[in-house]
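The values are calculated or read from the model by the stated rules, or taken from the named source; none is laboratory data. Everything numeric in this text was worked out from a predicted model, so none of it was measured. Don't worry about glycine lacking a Cβ; one is built from the backbone with ideal geometry, like all the others, and counts go over all protein chains shown.
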Amino acid sequence: MSGFGFFPSEGFFNAGTSGAPGSPMLQTSVMRDAARKFLATHNDLPVGREDARKAQEAIDIANTWIEEQTQFPATVTNADVAWSRKDWIDHSINGWQMLVEPLAEGMVEALGKVLKEMGPAELGPQEGFLPVMRGFMGQLIATQLGQSIGTLSIGLTGSQDAAIPLFEKSGAHLIPQNIATWGEGLEIPEQEIAIYMALREVAAQRLFAHTPWLGAYIRDLIASYGSGITVDIDSIQSQAESAMISGELDINNPESITMAINQGMFQPEQSAAQTAALAKLEITFALIEGWIDHVTSLSAKDRLPSLGALQESYRRSRIESAPTQQLFAMLLGLQISPRLTRECSNFWNEIYAISGGLDGGTAIRDHRWEDSALLPTAADLADPAGFLVSTTVPDDLSGLV
């Protein structure tokens, strides 16, 4: 295990106690410990009074500027608007657990089917082994996920910067240390950077606070993908034998095996249902990111002198190192292209403009978030006007009789 970079926590080998059916497969304590251990190798600064004051000022300005640009009203203002990296880890752990649990269960179910097919002659009593395997896999995935969460904590500029509804109570929080790091070398005033990040944070917070269905919708799609996971032992064995013959894989070298797995050597083929779930996830994530970008741009227009430079820097940083995208690429093999995010931002711009801008475009645009059925597909992005016509019920229905 240590050869693969995995170090079991205390009590790890009592996995059967945490693998009983009905119990959470991913233990938040394991995820939190792994995330904190990763963070311990980096500098996590505490939040000072001046940090809190500047964060509150930026959040207040963002709420004022964004008010007329969305139909989603402000919610109750939270007191702790400034978070440290550790604060974000501690507050987001439960959300990540709920998000990834269905995927982990799908993996274990697939492995369980393989073990049942192999039969007791090869494995011995399965009734006692399967809970142990579930607990073992749960701790392994929780540890890997925790390390990824730790990685995210050093790059996100706010609690909502992952652009995923993770929190039971959606608030707006900035991470001053990460904002300062992000702005290094840009030669843009510190306050402008803070306001820009606060606008993105407030836009995401308002969207998630007023779309309670969105988190469950994303979890259902991940569950749909997880339920379709299969393990083809014959295919894995064939790939491994071919790779060893060609020299691509050395079974005695853990680094060689890890590299092969990361390169997708043993990745199973996706079913049609899994492909459909991934397509819906990709467009949903891109629509969220595109909406945040669109509303932020409207709110900051003619107010932030450095808006163009801030947007370009943010987009470039996302292309070079998009932490959330990297996480879902690892978990699901899901690659969210920056081009699709730009297309979604342009789509929201078009919907807003052709619907009348402030005279009606805001309400029509935000109405699309009332239900997943009202959101566009990737094919709809090229024709916003046609999409509106096809999904809008006319006020006068007499002509349809």
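Observations on the model:
- Test: residue in the range 167-177 that is polar (S, T, N, Q), over 17 Å from the mean Cα position of the chain (by Cα) and surrounded by fewer than 23 Cβ atoms within 10 Å (Cβ to Cβ): yes
- Scanning the range 298-308 for any residue that is surrounded by fewer than 21 Cβ atoms within 10 Å (Cβ to Cβ), more than 30 Å from G106 (Cα to Cα) and of a type in the set (G, A, S) turns up at least one such residue.
- When G360 is tested against (1) surrounded by 16 or more Cβ atoms within 10 Å (Cβ to Cβ); (2) out of contact with any Pro (no Cβ under 9 Å at 6 or more places or on another chain), exactly one condition is not met: (1).
- When residues of the range 192-236 are limited to those that are touching a helix residue (DSSP H, G or I) at 6+ places or on another chain (Cβ under 6 Å) and aromatic (F, W, Y), the one modelled with the lowest pLDDT: Y225
- Selection of the range 278-305 for residues being closer than 25 Å to H367 by Cβ and hydrophobic (A, V, I, L, M, F, W, C) yields A279, L281, I283, F285, A286, L287, I288, W291, I292, V295, L298, A300.
Conditions (1) modelled with pLDDT of 50 or more; (2) within 17 Å of A104 (Cβ to Cβ), marked per residue:
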site: F12; (1), (2): no, yes
site: S18; (1), (2): yes, yes
site: L26; (1), (2): yes, yes
site: M31; (1), (2): yes, yes
site: A34; (1), (2): yes, yes
site: Q56; (1), (2): yes, no
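- Scope the range 370-387; condition surrounded by 15 or more Cβ atoms within 10 Å (Cβ to Cβ) and among the aliphatic types (A, V, I, L, M); matching residues: L375, A378, L381
Yes/no per residue for (1) touching a Lys or Arg at 6+ places or on another chain (Cβ under 6 Å); (2) small (G, A, S); (3) in a loop (DSSP other than H, G, I, E, B):
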position	(1), (2), (3)
H42	no, no, yes
L45	no, no, yes
A52	no, yes, no
I66	no, no, no
F72	yes, no, yes
K86	no, no, no
N94	no, no, no
M98	no, no, no
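- Among residues of the range 353-388, those that are part of a helix (DSSP H, G or I) and modelled with pLDDT of 90 or more, counted: 25
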